[in-house]
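Inspection log for the structure reproduced underneath, given as structure tokens.
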Ligand SMILES: Nc1nc2c(ncn2[C@@H]2O[C@H](COP(=O)(O)OP(=O)(O)OP(=O)(O)O)[C@@H](O)[C@H]2O)c(=O)[nH]1
Ligand SMILES: [Mg+2]
């Protein structure tokens with residue numbers, strides 16, 4: 001028998017209310033013991049006092065009972081909305097545990113919802129990622145996934161594979177007959193379309209990963225151009241040390257800020273130059289890997305100094321790293337201009353001053369980020385989902401060769417693999433271990 005579990009479902013810290021969730025057979029009894037109410041009607045919000053087992057008062061709270069199977073987990077659930085803060089919710093949870101109820105593991109409520117058929121894995125993962133989402137665009141995409149968009153794609157792909165499989169199985173039974181050319185052609189066409197679609201979804205999901213995890217924006221340039229000053233200005237506080245000495249920043253500094261509807265990670269880096277100092281060299285190595293890791297690189301130049309060899313070096317690095325989104329910005333525009341912009345190539349230049357203003361830069365970053373999330377097309381939101389469709393695609397490709405050479409047993413074998421892989425997105429085939437791993441990444445009380 002599964003135990004009854006309880007957890008605080010809201011974040012710790014100061015808040016106006018906190019929610020405690022109890023799920024399982026004993027949930028109703030917990031509600032009765034805590035509130036001292038005999039009759040509790042499902043889906044009715046009770047304003048009630050809650051008591052410890054020694055009858056002392058804990059808090060006044062809203063209590064709602066959802067009877068199985070009409071609840072998130074499919075089990076009996078009781079939720080208490082109590083006063084917020086660090087203490088009350090913990091006191092209520094302690095009282096519940098004192099009645100012999102278990103503490104929930106992270107993601108255990110969602111796992112029960114899955115096991116009881118209330119949600120499939122794509123919906124569970126969408127819920128979990130929605131909590132982490134770093135942009136409004138991601139929230140929109142995930143809301144659609146929660147409503148079953150990915151589930152529908154999985155079902156339709158599966159149908160298509162099963163149709164081809166069924167045809168092949170029938171033909172195996174009539175081994176002496178040749179398969180009509182046009183039928184093979186139409187199967188190949190359908191399978192090609194599916195693998196193309198899968199590849200597009202995988203590519204888009206990689207490109208748009210930052211919508212959920214937060215895009216990374218790195219500020220790079222030679223020493224002393226004002227990278228750390230710009231970081232501080234973006235954050236509105238003095239996070240990084242700024243000085244007129246070149247080579248001040250030795251290590252990368254990463255912080256979160258909100259730009260438009262996105263929460264991004266902004267990285268200040270050590271100035272790139274031919275350093276002789278060992279520590280500075282290591283810092284510069286980190287600057288180079290920040291360029292690799294970043295979704296957008298802001299390449300900063302100092303407008304108050306003439307273009308020099310160090311600027312040249314920074315420019316050559318951008319040229320080597322193709323397919324990255326770069327923004328070329330000229331800083332210190334509040335000072336007299338000494339930089340010959342013609343030397344910066346054909347790049348669009350954004351003028352900023354860490355001291356006087358940098359609106360054009362934040363607008364440019366915002367528009368680049370918006371363009372990534374603009375079309376709310378479907379995306380895969382976990383490594384597990386990406387792996388499953390990639391394996392599906394591989395199995396379909398493996399199936400093509402034997403189909404063309406008339407080896408239908410092999411074709412069927414690979415197609416069955418593909419069906420198994422695509423189905424695993426909604427329901428994994430070798431259950432328990434995958435489920436435990438997946439749900440353990442969810443947050444507590446979810
Ligand atoms: N007038 C003016 N001075 C600036 C501006 N931005 C930065 N500075 C000055 O330029 C100097 C270098 O600034 P930093 O922010 O430390 O430069 P950095 O690029 O981080 O330098 P490293 O960490 O050495 O690579 C400091 O004296 C800043 O006060 C600006 O927009 N206008
Ligand atoms: Mg610096």
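Residues of segment 54-70 with backbone nitrogen within less than 18 Å of a virtual label 7 Å along the Cα-to-Cβ line of residue 39, please, listed as ranges. Zone members listed by number: 63-67. Kirkwood Rh over alpha-carbon pairs of segment 1-156, then Stokes-Einstein at 10 °C and 1.306 mPa s: what D in µm² s⁻¹, rounded to an integer? Estimated diffusion coefficient is 96 µm²/s.
Using the Cβ-Cβ distance between residue 274 and residue 152 with R0 set to 35 Å, the FRET efficiency from 1/(1 + (r/R0)^6) comes to roughly 0.05. Say a paramagnetic label sat at a point 7 Å from the Cα of residue 136, along Cα to Cβ; which residues of segment 190-215 have their backbone N under 20 Å from it? Output list for this probe position: 208-215. Spin-label model, residue 316 to residue 282: label points 7 Å out along the Cα-to-beta-carbon direction sit 2.6 nm apart.
May I ask you to compute the full-extension gain from residue 97 to residue 323, defined as 0.36 nm times their residue separation minus their alpha-carbon distance, rounded to one decimal in nm? Show your work: numbers first, answer last.
On the way: separation 226, 0.36 × 226 = 81.36 nm, distance 5.46 nm.
Full extension from residue 97 to residue 323 adds 75.9 nm.
Each of residue 204 and residue 258 was given a label point 7 Å from its Cα along the Cα-to-Cβ line. The distance between the two points is 2.8 nm.
Of the residues 235, 415, the one with the fewest other Cβ atoms within 10 Å heads the list, and the complete ranking is 235, 415.
What is the chain's relative contact order, in percent, from Cα pairs under 8 angstrom and six or more apart in sequence?
Details: 783 pairs, mean separation 76.4, N = 446.
It comes to 17 percent, rounded to a whole number.
Find, to one decimal place in angstroms, the Kirkwood hydrodynamic radius of segment 306-446, where the mean of 1/r is taken over every pair of different Cα atoms and then inverted. It works out to 20.8 Å.
Remark: relative contact order (segment 212-279) = 41 percent; criterion is Cα-Cα distance under 8 angstrom and separation of 6 or more residues.
Restricting to bridges with both residues inside segment 299-446, how much of the DSSP beta-bridge set is antiparallel, in percent to the nearest 5? Could the numbers behind the result be given before it?
Numbers: 1 of 8 bridges.
Beta bridges within segment 299-446, antiparallel portion: roughly 10 percent.
By count of other Cβ within 10 Å, fewest leading, how are 183, 259, 396 ordered?
Values: 183 12, 259 20, 396 23.
Lowest count first: 183, 259, 396.
Here the translational diffusion coefficient of segment 197-242 follows from Stokes-Einstein with Rh set to the Kirkwood radius across Cα pairs; for 25 °C and 0.890 mPa s it amounts to 186 µm²/s. If both residues of a DSSP beta bridge must be in segment 213-271, then about 65% of such bridges are antiparallel. Have a look at the DSSP beta bridges in the chain and tell me what percent are antiparallel, nearest 5. The antiparallel fraction comes to roughly 60 percent.
What ranking do 410, 72 get, fewest neighbouring Cβ atoms within 10 angstrom at the top? Mind dumping the intermediate values first?
Working: 410 16, 72 19.
Ordered from fewest to most neighbouring Cβ atoms within 10 Å, 410, 72 come out as 410, 72.
Ignoring solvent entirely, what values of log10 I(q)/I(0) come out of the Debye formula for the chain at 0.12, 0.14 Å⁻¹ when each Cα is a single scatterer? The computed values of log10 I(q)/I(0) come out as -1.03, -1.14.
Distances between every pair of Cα atoms in segment 200-277, grouped in 5 Å steps from 0 to the bin holding the largest one, split as 3, 15, 23, 19, 14, 11, 8, 5, 2, 0 percent.
Were the residues from residue 52 through residue 11 laid out at 0.36 nm apart, the gain over their Cα-Cα distance would be 12.5 nm.
Comparing 136, 217, 14 in a Gaussian network model of the chain, where Cα atoms under 10 Å apart are tied by springs, the biggest mean-square fluctuation is seen for 14.
Working from label points 7 Å from Cα in the Cα-to-Cβ sense, the residue 335 to residue 60 distance is 6.4 nm.
Can you show me the helix-derived [θ] at 222 nm for the chain, built from DSSP H runs with n ≥ 4 at -39,500 (n - 2.57) apiece and divided by the number of residues, rounded to the nearest 500. Could you put the intermediate results ahead of the total?
Working: 15 runs with 207 residues, N = 446.
Dividing the helical sum by the residues of the chain leaves -15000 deg cm²/dmol.
State the extension gain, in nm to one decimal, for the chain segment bounded by residue 2 and residue 363, taking 0.36 nm per residue of separation less the distance between their alpha-carbons.
Values: separation 361, 0.36 × 361 = 129.96 nm, distance 5.28 nm.
My answer for the length gained is 124.7 nm.
For the residues 40, 422, 263, a GNM of the chain with alpha-carbon springs under 10 Å puts the largest fluctuation on 40.
We did not get these values from a lab; they are worked out from the coordinates using the rules stated. In this text, all values refer to a predicted model and were calculated from it rather than measured experimentally. As a convention, Cβ positions derive from the backbone with ideal geometry for all residues, glycine included, and neighbour counts pool all protein chains shown.
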